[in-house]
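Q: Before I ask anything, here is the structure I am working with.
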Amino acid sequence: MPALSAGTPQVSALAAAASGDAPVLRFALAFGDLRVERSFTPRRFIWSPDDYAPVAVALLAGAQLTPAAPSRDDGLLARLLDLRAETLADVDASVSARLQASLLDAGAHEDAALLLSAFAWREAAGTLKRHAPAAGAARPLTSPCQRALRAGGEPSLHGRVAEAAFP
């Protein structure tokens, strides 16, 4: 089984094809000498996390990567009640450090999704609308990772809150 210390996994989006009216998207995961490719057709909409989660699971399995034990930041929800830029930057540094320490940590991915949700709600709060394109666009990147790393298990409270922020 590859060790993460051997290098950094690289994920690439490859050229898309079409199957009738539906696009067929291709992704590749390269890790050292190993390369795994998967294709899929989005069933809901192009950025639906539900469609990307099986791809993330297949890429992890194909690369023979084992999820790390999920970490926890029990004070994160309380800190995110303060949506000032300084607070979000501090949380970002903390979550980023956890992801750099262990890219296969589902808890850190869930906290990254929660942080993106906080950015989105902060962005949307000014006009009291629920549309938050900047942070919302990143949801498909975090949600499938956290789902894949949980290996079918239930998400943490942070993961559930992040999912609820973008139903």
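The values are calculated or read from the model by the stated rules, or taken from the named source; none is laboratory data. In this text the structure is predicted, and so the values were computed from the model without any measurement. Virtual Cβ from ideal backbone geometry, glycine too; neighbours counted across all protein chains shown.
Q: May I ask you to say which residue of ARG38, ARG44, ARG72 is closer than 25 Å to ALA101 by Cβ and basic (Lys, Arg)?
A: ARG72
Q: Further, regarding this structure: From the residues in the range 146-164 that are out of contact with any helix residue (DSSP H, G or I) (no Cβ under 8 Å at 6 or more places or on another chain) and in a helix (DSSP H, G or I), which one is surrounded by the fewest Cβ atoms within 10 Å (Cβ to Cβ)?
A: Checked the range 146-164; the qualifying residue surrounded by the fewest Cβ atoms within 10 Å (Cβ to Cβ) is ALA164.
Q: Checking ALA113 against (1) surrounded by fewer than 16 Cβ atoms within 10 Å (Cβ to Cβ); (2) at pLDDT 85 or above; (3) in contact with a helix residue (DSSP H, G or I) (Cβ under 8 Å, 6 or more places away or on another chain), which single condition isn't satisfied?
A: So ALA113 meets the others, but not (1).
Q: Looking at (1) assigned to a helix (DSSP H, G or I); (2) in contact with a strand residue (DSSP E or B) (Cβ under 9 Å, 6 or more places away or on another chain); (3) under 20 Å from VAL161 (Cα atoms), which is the only condition LEU59 fails?
A: Of (1) assigned to a helix (DSSP H, G or I); (2) in contact with a strand residue (DSSP E or B) (Cβ under 9 Å, 6 or more places away or on another chain); (3) under 20 Å from VAL161 (Cα atoms), only one is false for LEU59: (3).
Q: Identify, from the list LEU25, LEU65, LEU81, the residue that is modelled with pLDDT of 80 or more and assigned by TED's automatic domain parsing to the domain that holds VAL161.
A: LEU81
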